Amino acid sequence: MQTVTDTDLAQRAAAGDPEAFGALVERWAPTVRRVARAALGDPDEADDAAQDAFLSAWTNVGSYDPTRPFGPWILRIAANRALDRGRKRKVRASEPLTEERAESTAGNLPGPDRETERSLLRERLDVALAALPPRQRVAVTMFDAEGYSHGEIAEVLGVPEGTVRSDVFHARRALRGALAMYRGGE
Amino acid sequence: MIGNAFDHERDAELGALLRDHLGPAGHGAFVARIRAEVARDAATSPFDVLGSWLRPGLAAAAVVAMAAGWWLTTGVSHEVASSTTPVEIFASSGGSDYMLATSVEGR
């Protein structure tokens, strides 16, 4: 249970309290970093985007509306930063995997070794995520992994709610298809 | 895993997979880095920012003042000294003859 709410911390941060903002970072870093990684793929680049987002939030925390939840506010900043970085990126160095490689690894799945299976599952998921458009990755991550509603995701991404529903649908279908052979065996 | 990709329910299994897969390592280090940046920024007062602008501003103003002073003392006096006075211009252009002729004809 959180004794101090996000809103309280944000208001203290807006008054210039770096410790209060640090507490917000402590709470929201995992989600922000996951969403940034969903958008960008590369963990280091995602952390850079997440750091930019938090520092921008610190500078602009005075513009946060305390009547609204803090999560979508910080996630909107983070998603914008990460998606902008992705658009500007010329070479996607973190996503060298191709569907061809995924097929070859899937075909060599060595029977009962759970650790190997987990490793291959991760690789398969990596490939499937890399094949999705960044906005779809963010949408499905926010919906299924972070528990946000379609409306909240629409607000974060600045797109209509119907677009988010469509993004989640297409992303789920692709991910489930890619993981089907592994999920069936469990 | 839920079969219908267009339903409104969370897919808990896919969600857990994504959280695990995208879950970043080094939470403590990341948070410490942001905290340090924020603390550094908070410790920097607006007067520090103004101070950082003041020094180059003063240096630029001093350079401009020196240049202006040099131009006023050296450049202008040299120009005045080397210029031709109106009397000399008048004399060299034969102006006195013209003025004399004009005044005689007027009579």
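Bear in mind these aren't lab numbers, they're just calculated from the coordinates by the rules spelled out. A quick note: this is a predicted structure, and the numbers were derived from the prediction, not measured. Don't worry about glycine lacking a Cβ; one is built from the backbone with ideal geometry, like all the others, and counts go over all protein chains shown.
How would region A:1-83 be classified by its alpha-carbon gyration tensor: rounded, prolate or oblate, with rounded meaning a/c under 1.5 and the a/b versus b/c comparison settling the rest? Since a/c reaches 1.5 and a/b is larger than b/c, the shape of region A:1-83 is classed as prolate. What the phi angles of region A:174-179 give under the Karplus curve with 6.51, -1.76 and 1.60, with θ = phi - 60°, is a coupling list of 5, 5, 5, x, 5, 9 Hz, glycine and proline written as x. Rounded to the nearest 0.05, the FRET efficiency derived from the C-beta distance between B:Ala16 and B:Trp53 at R0 = 51 Å is 0.45.
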